[in-house]
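We did not get these values from a lab; they are worked out from the coordinates using the rules stated. Being a predicted model, the structure only gives us computed values, none of them experimental. Glycine also receives a Cβ, built like all others from the backbone with ideal geometry; neighbour counts cover every protein chain displayed.
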Amino acid sequence: MGAQLRVYKRRIRSVTATKKITKAMEMIAASRVVKAQRKVAASTPYATELTRAVTAVGTGSNTKHPLTTEPETATRAAVLLLTSDRGLAGAFNSNAIKTAEQLTARLEAEGKEVDTYVVGRRGLAHYNFRERKVVESWSGFTDEPSYADAKKVAGPLIEAIEKETADGGVDELHIVYTEFVSMMTQTAVDGRLLPLRLEEVAEEAPKGEILPLFEFEPSAEDVLDALLPRYVESRIYNAMLQSAASKHAATRRAMKSATDNAGELINTLSRLANAARQAEITQEISEIVGGSAALADASAGSDR
Amino acid sequence: MAAELHVELVAADRSVWSGEATLVVARTMSGDIGVMPNHQPVLGVLESGPVTIRTSDGGTVIAAVHGGFMSFADNKMSLLAETAELADEIDVQREERDLERAKAAGDASAERRASVRLRAAAAR
């Protein structure tokens, strides 16, 4: 076998191996998207009931609570960025990071200090590489977040917002995550979790429903006190689940195009290898023909 | 037909039980509260403890809930809990072991969780 042909054969083998790997990753991601979507669906009843309860307390009582009242001058904001632990997901992580950067720039333009909280190794690596401060970070559960993980993340954030701004607390809490719109579309979005905009929450609640006047047990303040942290946890949990589903969908898409590209590359390389083999054969034939002609010429000459 | 109320018992990551009931007894921060159909709208903070639901077909459903809320309006009762399990799902032996371990480790919240589960399981 000629050198040229051997090189092509080797490249085809290596691309075929890569294709097998990307194909497997694509299929794993596809099954995980379905699983993650099921988890999002399973967490929906809790979230909707909780939203209803928050709306009911917020609109049905005149209670003032630090988590629902907007301070006149907000000086510090916390931004929670949700990324994944692993890459190979196309632009998934860079989109989320970009959105977070834009949000940070906007908040800073409004004159607020920004505390960054990051979930996922990818986001953390981005901030560490640029030597930017991250208040706290979590990783290791982004593929399949559980409610306990959401609680773990929400804890320090709620603590920070309950603290006075002068003691290092924050006035606002923003979250950046990737919304799972459909299998093909995932968009990085940012939203403000706290202070609560009750009108927005009310819009999410089912339409055309008149909320009843509740009796609170033990009191409206206590109910709000207990309700709002749960609300934040549930929103963070939901965002984490959507982020996980989006990540798997992005991985699936990236791996599908990698598999397609590998297939194309194999086709091109096979054609080149065929041409090289054919050229080799042609050359061998012409060498044999040329050699025998030379021999014939030589023997004809000696006879004479 | 007697009046009924619709109950949804929901944990953070799943829906635990839903159905029609004639009476729901839950433990709020200010004490046990029993809700029957046509009760006035109420929203309460739950303590961890067993919740008893008398279903309209005469049966009883008992669940252990750990922190959460109840809200009742328009004959619809939602019980929201971070974690909740039905008494039938509780493995008594495992919980007894957990209780021992939590006591030994001095983990108050784990101890409370295990004892709530055991109480719910004992009541079934």
field: Choice from A:97, A:28, A:288 with maximal GNM fluctuation in chain A (Cα, 10 Å cutoff)
entry: A:288
query: With contacts defined as alpha carbon pairs under 8 Å and 6 or more residues apart, what's the relative contact order of chain A in percent?
result: 33
- line: At the level of C-alpha centres, the distance separating the stretch B:82-112 and the stretch A:122-157, in angstrom, is 29
message: Quick one: the Cα spread of the stretch A:216-304 along its three principal axes, in angstroms, biggest first?
response: 127, 13, 9
- request: Any chance you could check the Cα centroid distance between the stretch A:31-60 and the stretch B:1-32 for me, in angstrom?
  value: 18
- request: Among the lysines, select those whose C-alpha is under 29 Å from the C-alpha of residue A:151, and discard any that sit fewer than 8 residues away in the same chain.
  value: A:35, A:39, A:64, A:98, A:112, A:133, A:163, A:247, B:76, B:103
field: Reachable aspartates and glutamates from residue A:256, criterion Cα separation under 12 angstrom, eight or more residues apart if same chain
entry: A:26
- request: Based on a Kirkwood Rh over C-alpha pairs, give the Stokes-Einstein translational diffusion coefficient of the stretch A:26-256 at 4 °C and viscosity 1.567 mPa s in µm²/s.
  value: 71
query: If you place +1 on the Cβ of every Lys and Arg and -1 on the Cβ of every Asp and Glu, how big does the dipole about the Cα centre of the protein assembly as shown come out, in debye to the nearest 20?
result: 2440
query: So for the pair residue A:144, residue A:183, with labels modelled 7 Å out along Cα→Cβ, what separation do we get in nm?
result: 2.2
field: Among B:24-33, B:114-123, A:12-21, the order from most to least packed when residues are scored by Cβ within 10 Å on average
entry: B:114-123, B:24-33, A:12-21
- request: Would you work out the relative contact order for chain B, in percent, from Cα pairs under 8 angstrom that are 6 or more residues apart?
  value: 24
- prompt: Using only Cα atoms, what Kirkwood radius does the stretch A:1-125 have, in angstroms?
  reply: 19.9
- prompt: In whole angstrom, and with the biggest value first, how far do the Cα coordinates of the stretch B:5-87 range along each principal axis?
  reply: 26, 25, 19
statement: Fewest-first ordering of B:13, A:171 by Cβ atoms within 10 Å yields B:13, A:171
field: Two-decimal Rg/Rh across the protein assembly as shown, once Rg and the Kirkwood Rh are taken from alpha-carbon atoms
entry: 1.23
statement: Here the FRET efficiency for residue A:281 versus residue A:88, based on Cβ atoms and R0 = 35 Å and rounded to 0.05, is 0.25
field: Highest-MSF residue in chain A out of A:258, A:29, A:239 [GNM, Cα springs under 10 Å]
entry: A:258
